[in-house]
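Input: a single structure, listed below in structure tokens.
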Amino acid sequence: MTENPHLTRRPEWASLADHRAEWQAHLRDLFEADPGRAERYVVTVGDLRIDYSKHLITDETLARLQELATATDVFGLRDAMFRGEKINLTEHRAVLHTALRAPRDAVIEVDGENVVPAVHAVLDKMADFAGRVRSGEWTGHTGRRIRNVVNIGIGGSDLGPAMAYEALRAFTDRDLTVRFVSNVDGADLHEAVRDLDPAETLFIVASKTFTTIETITNATSARAWLLDGLGGDDKAVAKHFVALSTNGEKVTEFGIDPDNMFEFWDWVGGRYSYDSAIGLSLMIAIGPDRFREMLDGFRLVDEHFRTAPAEANAPLLLGLLGIWYGNFFDAQSHAVLPYSHYLSKFTAYLQQLDMESNGKSVQRDGEPVEWQTGPVVWGTPGTNGQHAYYQLIHQGTKLIPADFIGFARPVAELDDRLAAQHDLLMANFFAQTQALAFGKTAEEVRAEGVAEEQVAHRTFQGNHPTTTILARELTPSVLGQLVALYEHKVFVQGAVWNIDSFDQWGVELGKVLAKRVEPALTEGADVPGLDASTAALVAAYRDLKEV
Ligand code: F6P
């Protein structure tokens with residue numbers, strides 16, 4: 001790997017800055033000058049057709065971005081990641097979520113040990129357990145069949161399985177109720193279990209560290225709810241609680257039988273973990289075969305990222321496009337807009353993946369960055385967003401690059417009437433990217449007979465960049481492909497920005513302070529060192545509590 005000198009002093013950076021300074025073209029001009037771009041600026045990866053023609057780029061832009069990727073040795077770091085090198089510098093860890101979907105015969109070593117057999121041993125154990133729950137062979141303490149599965153976790157131990165469960169609902173066993181509890185607000189657990197029978201409920205406690213306060217608090221309350229419901233026999237825990245963790249000691253301390261623990265490893269980052277044991281709730285819902293299809297989808301994109309040439313490498317291209325807007329057009333955010341109800345949690349999942357990975361302001365060696373890093377990622381499924389915030393994307397003052405994700409077919413189980421609505425959904429999908437790119441000129445508005453005083457209001461500047469990701473349908477494999485695409489896109493950006501995309505120190509301070517403040521709220525204790533504003537807020541809270 002090459003050393004990474006100051007990014008913005010690189011000639012490749014200066015070359016992009018010059019290119020940006022000269023940039024004037026509107027997407028209308030670009031398509032007029034080069035009708036071939038609609039076919040040329042498309043990359044197909046597995047089932048994903050990724051169209052990037054509606055971007056503020058030319059061949060020249062792409063060439064200069066590729067030069068930056070070469071200069072910053074993105075592919076060198078990629079290879080180091082796939083080899084299992086400890087590229088998570090601050091935690092001295094390998095970054096090997098790709099090993100979670102490696103084939104059985106692959107060899108990937110961490111500290112001289114091949115990790116692939118252990119990955120498959122856990123997958124097999126998960127498949128066995130999921131099969132027993134699904135078939136009814138695994139019963140609760142009173143001998144009743146498990147009909148409810150409640151995953152208790154937060155961050156990566158919640159968002160991934162919750163997102164994927166929603167995405168693949170059409171593939172789930174509809175006789176099982178699967179819920180996800182994450183918030184330490186007691187209302188979350190209350191609502192999740194209020195209509196459930198403890199005798200038929202399995203809790204999956206998902207926590208990489210098994211020390212996360214929200215998860216341990218909720219799991220403790222869930223255990224109390226279970227025991228209250230089942231007559232207080234501690235032995236019930238063994239049939240109703242399993243753990244997903246890297247920390248066997250803490251799992252045992254909590255009272256969960258180590259046989260009921262599904263292991264993963266410190267080289268799996270929380271936000272990269274739902275294809276590990278953390279996906280157990282999903283596997284129970286969709287079954288082991290579908291889960292493996294999803295892993296195949298991940299692997300397909302891993303292989304693409306590892307082997308495709310730079311100019312046809314989708315994660316590289318998407319990563320570089322984000323850098324073009326974030327670093328040279330001052331775009332602050334990036335919208336991800338799925339036109340699929342089933343992807344309603346996809347963007348929330350990506351928020352952690354992207355923002356926890358690349359929300360950094362120091363370089364890998366601790367020196368401050370002097371360039372923008374990760375964007376604010378946001379969005380909700382279309383067409384709901386069209387009737388809410390799209391106004392700002394179309395006519396506001398901010399540049400918001402957006403990814404549109406859509407499918408040619410609705411999920412198979414919709415009846416004919418509802419399936420027929422799919423074309424209307426997708427008509428909106430195509431119309432939006434067209435409107436965003438090409439807009440509507442004042443002349444076009446006038447030609448419609450609009451009164452002159454309204455012309456400016458009804459004009460659409462256009463020139464808003466979008467990527468369109470189209471697949472035939474949302475299957476487990478396609479979901480795996482989509483997630484791996486974004487994982488590697490985030491990787492590319494972190495590599496160029498020279499930041500550690502795999503630690504998350506920024507979440508620690510709040511955790512420490514919350515621990516310090518809690519006694520002041522529960523016991524009225526004095527908290528030394530509280531700032532004046534927070535001390536006044538705490539005092540007001542205490543007063544309000546007592547009124
Ligand atoms: O606080 C942030 C974080 O560490 C995330 O990175 C992680 O996904 C989440 O908390 C949950 O952590 P754990 O799985 O250890 O409970």
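Values quoted throughout were computed directly from the atomic coordinates according to the rules given, and no laboratory measurement underlies them. Quantities reported herein were computed from a predicted structural model and do not represent experimental measurements. FYI the Cβ positions are ideal-geometry reconstructions off the backbone, even for glycines, and counts take in every protein chain you see.
Brief remarks on what is shown
- In order along the stretch 394-405, the Karplus-derived 3J(HN,Hα) couplings, from 6.51 cos²θ - 1.76 cosθ + 1.60 at θ = phi - 60°, round to 6, 10, x, 9, 9, 8, 10, x, 9, 9, 9, 10 Hz, and Gly and Pro are given as x.
- Evaluated over the Cα positions of the stretch 304-391, the convex hull gives a direction-averaged projected area, one quarter of its surface, of 7.5 nm².
- Think of the stretch 1-43 as having a plus end and a minus end, set by charges on the Cβ of Lys, Arg, Asp and Glu; of Thr8, Tyr41, Leu30, Thr8 sits farthest toward the positive end of this dipole.
- Residue order, fewest to most beta carbons within 10 Å, for His141, His387, His190: His387, His190, His141
- Footprinting exposure proxy ranking of Leu30, Leu321, Leu282, fewest other C-beta atoms within 10 angstrom first, gives Leu30, Leu321, Leu282.
- Relative contact order, whole percent, for the chain stands at 18, derived from Cα pairs under 8 Å and 6 or more residues apart.
- Note that the stretch 206-215 has calculated 3J(HN,Hα) couplings of 10, 7, 4, 8, 6, 10, 5, 4, 4, 5 Hz, one per residue in order, obtained from phi through the Karplus relation 6.51 cos²θ - 1.76 cosθ + 1.60 (θ = phi - 60°); glycine and proline are x.
- Label-to-label distance, nm, for residues given as Thr441 and Asp124 (7 Å Cα→Cβ offset): 6.7 nm
- Whole-Å distance, taken between Cα centres, linking the stretch 346-377 and the stretch 9-82: 21 Å
- Looking at the stretch 332-437 alone, DSSP beta bridges between its own residues are antiparallel in about 10 percent of cases.
- Close amide H partners of Val178, meaning residues 5 or more places away or on another chain with modelled amide H under 5 Å apart, are Val149.
- With each label modelled as a point 7 angstrom along the Cα→C-beta vector, the Glu60-Phe430 pair spans 3.3 nm.
- Area projected by the alpha carbon convex hull of the stretch 71-160, averaged over all directions, nm²: 8.8 nm²
- Long-range HN-HN contacts of Arg93 with modeled amide H, under 5 Å: Asn88
- For the stretch 50-200, the Cα-based Rg and Dmax, in that order, read 22.0, 69 Å.
- Viscosity 1.002 mPa s, 20 °C: Kirkwood-radius Stokes-Einstein D of the chain over Cα pairs, µm²/s: 85 µm²/s
- Beta bridge orientation in the chain: antiparallel %, DSSP, nearest 5: 30 percent
- Legend: ranking of residues Arg458, Arg299 from fewest to most surrounding C-beta atoms inside 10 Å; resulting order Arg458, Arg299.
- Under 5 Å, built H, 5+ apart or other chain: amide partners of Ala243: Val205, Met261, Phe262
- Cα pair distances in the stretch 69-110, grouped into 10 Å bins until the bin that holds the longest one, percent each: 28, 48, 22, 2
- Note that the stretch 269-309 shows a convex hull volume over its alpha carbon atoms of 64 Å³ per residue.
- Whole-Å semi-axes of the stretch 219-307's equivalent ellipsoid (Cα gyration tensor): 32, 15, 9
- Oblate is the label for the stretch 428-500. Its Cα gyration tensor axes, ordered a ≥ b ≥ c, give a/c of at least 1.5 and b/c at or above a/b.
- Helical contribution to [θ] at 222 nm, DSSP H n ≥ 4, -39,500 (n - 2.57), averaged over the chain, rounded to 500: -14000 deg cm²/dmol
- Axis of helix 74-83 versus longest Cα principal axis of the chain: the two differ by about 20°, to the nearest ten degrees.
- Per-selection Rg to Rh, the stretch 374-467 - Cα, Kirkwood hydrodynamic radius: 1.05
- In straight-distance terms, cross-link reach from Lys440 covers every one of the lysines whose alpha-carbon lies under 21 Å from its own, apart from those fewer than eight places away in the same chain; here that gives Lys54, Lys398.
- Residue-by-residue Karplus 3J(HN,Hα) for the stretch 173-181, coefficients 6.51, -1.76, 1.60, Hz, glycine and proline x: 6, 6, 7, 9, 9, 10, 10, 10, 10
- Zero-based 10 Å bins, Cα pair distances in the stretch 1-112, whole percents: 11, 27, 28, 23, 9, 1
- Restricted to Cα atoms, the stretch 393-547 shows a radius of gyration and a Dmax of 25.9, 71 angstrom.
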